[in-house]
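The values are calculated or read from the model by the stated rules, or taken from the named source; none is laboratory data. Quick caveat: nothing in here was measured; it's all calculated off a predicted structure. As a convention, Cβ positions derive from the backbone with ideal geometry for all residues, glycine included, and neighbour counts pool all protein chains shown. SASA here: full protein model, heavy atoms, side chains in, ligands and nucleic acids out. Shrake-Rupley method; radii C 1.70, N 1.55, O 1.52, S 1.80 Å.
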Amino acid sequence: MTETAMENRITQGVIWKQLLYFFFPILLGTFFQQLYNTADAMIVGQFVGKEALAAVGGTTSVLINFLVNMFVGIASGATVVIAQYYGARQHEEVGRSIHTSIALAIVAGAFIMVIGVAFSRAALAAMGTPGDIMGYALTYLRIYFCGTIASFIYNIGAGILRAMGDTRRPLYFLISACLTNIVLDLLFVVVFGWQVVGVALATVISQVVSAVLIVLALRKEGAYQLKLREIRFTAPILKNIIKIGLPAGIQADMYSISNILIQSCVNSFGTDTIAAWTAQGKVDGFFWMILGAYGVAITTFVGQNFGAREYGRMHKSVKVCMLMAAGTTIVTSVLFCVFASPLISLFSTDAAVLQEGVSIMRQLAPWYITFVCIEILSGAIRGTGDSLIPMLITCGGVCVLRVVWIFAVLPLHRTFSTLIVSYPITWIITSVLFVLYYWKGGWLRRRMALQQTAE
């Protein structure tokens, strides 16, 4: 694919067609990424038991997300920086950004690996993890964190390619890794009987496969070729990446903190509820995968068009993306409500787990539409390099309010439905705040002034 062809997709042409062309590989990529943990949960749920399902898919996932999401947010800063340089055709800066980003992945991955392995037991205990799933959860976490360097290299490498308009190769590499994971899950768990150890090892090996493939692709990237001897930090670029990405990482971790508190509340309702929440969360994850793909697409679209000074096209792409995301969300919500029972049964056939999982899904799915503005508008604003205010709006509107709900409202009527209703309430409030900031916040004028100053 030529450089001109990649640029034309984003800065030229019919917007909705180019968005879809860019969106579907991201969607499929995130689908297969979601399939990593979903396959683990399905296999242990069916072949090991509900205790293993609760451990692998529920309690461990919120801790993994807390430690990994900070880097994923910072990696989004790298995507924005590279997209803007690429749109502005500043080729040398693109090359320096690539090598700085890979160096960041290696250092951050090593740090998270050490922290994750060392403090897994203490974190699980602090969350009130039940004794019948503690062993499974601890085993899975410690093995999983051994693969964080590989996971970080893939994620930031995929972001680099997407920033330059290449969404296909990250998808192909992720499919390869996901298929590896599923085959190894079946081999290690069903054939060898390694239980949770098996799914954890399968995940780590698959992450290594995806990292190797992404590095090989970047080493063949022509003008932007990754050269191992040039992997180092370039201070101004690293500063810019962190300036944009750190607020996104903090935002993701604020989500994780609120989810850890929610998971702690869920744990207090017993193993059946934990398993039901886990199963519903795995199905629910496919919606967030879809909406997240729209968010990645609009961030890159806005980044390249902002770099190219195509401000009118940038605004139009946001409106088109918003309509597309809203339509997709409505269809997804209806399907989840109608097919809740067969979807939950993919993870557990236990009667109590199935009944509660269906109830949770039907309470949450109709409210998905209220999150569309949050995802699309925050992604668009972040694409210009303005990431601090979106972080503050999201953290205040979603995370802080949810924590307040847990401590102030839940004790007054301690039921699982009371816990769940915190989701739509915080989504609605945060959506209103984003709409007001997008139209009245003056964010684009400020970014344009900074852009002109930097020339």
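List the relative contact order of the chain as a percent without decimals, with contacts defined as Cα pairs under 8 Å and 6+ residues apart.
Reported relative contact order: 23 percent.
Given a Förster radius of 45 Å and the C-beta distance between V183 and R362 as r, what FRET efficiency does 1/(1 + (r/R0)^6) yield to the nearest 0.05?
0.85
Show which lysines lie in cross-link reach of K227 when reach means a straight Cα distance below 26 angstrom and same-chain residues fewer than eight apart are skipped.
Cross-link targets: K239, K243.
Counting only the heavy atoms of the protein chains, how much of E51 is accessible to a 1.4 Å probe, in Å² to the nearest 10?
The value for E51 is about 60 Å².
Which angle from 0 to 90°, rounded to the nearest 10, does the C-alpha axis of helix 271-307 make with the longest principal axis of the chain?
0 degrees
Which angle between 0 and 90 degrees, to the nearest 10, do you get for helix 311-338 versus the longest principal axis of the chain when only C-alpha atoms count?
20 degrees
Rolling a 1.4 Å sphere over the protein heavy atoms, what is the accessible area per residue of the chain, to the nearest Å²?
With the other protein chains kept in place, the chain gives 39 Å² per residue.
So what is the 222 nm mean residue ellipticity for the chain from helices alone, if each DSSP H run of at least 4 adds -39500 (n - 2.57) and you divide by all residues, rounding to the nearest 500 deg cm²/dmol?
-26500 deg cm²/dmol
Which of these values of P(r) over Cα pairs in 10 Å bins from 0, in percent was calculated from the structure shown: (1) 4, 14, 15, 13, 9, 7, 6, 7, 7, 7, 5, 3, 1, 1, 0, 0; (2) 4, 21, 32, 27, 13, 3, 0; (3) 4, 18, 24, 20, 14, 10, 7, 3, 1, 0?
Matching the structure shown: (2).
Relative contact order of segment 151-231, please, whole-number percent, based on alpha carbon pairs below 8 angstrom and at least 6 residues apart.
For segment 151-231, the relative contact order is 35 percent.
Order 331-337, 61-67 from most to least packed using the mean count of other Cβ atoms within 10 Å.
Ranked from most to least packed, the peptides come out as 61-67, 331-337.
Please report, in debye to the nearest 20, how large the charge dipole of the chain is about its Cα centre when each Lys and Arg carries +1 at its beta carbon and each Asp and Glu carries -1 there.
Rounded to the nearest 20 debye, it is 1160 debye.
Going by average Cβ neighbours within 10 Å, how do the peptides 139-149, 68-78, 230-240, 283-293 rank, with the highest at the top?
68-78, 139-149, 283-293, 230-240
Roughly how many percent of the accessible protein surface of the chain is carbon and sulfur, given a 1.4 Å probe and a whole-percent answer?
68 percent
Relative to the longest principal Cα axis of the chain, at what angle does helix 15-47 sit, 0 to 90 degrees, rounded to 10?
In the chain, helix 15-47 runs at an angle near 30 degrees to the longest axis.
Report the label-to-label distance for V117 and I428 in nanometres (one decimal), using points 7 Å from each Cα along the Cα→Cβ vector.
In this crude label model, V117 to I428 measures out at 4.8 nm.
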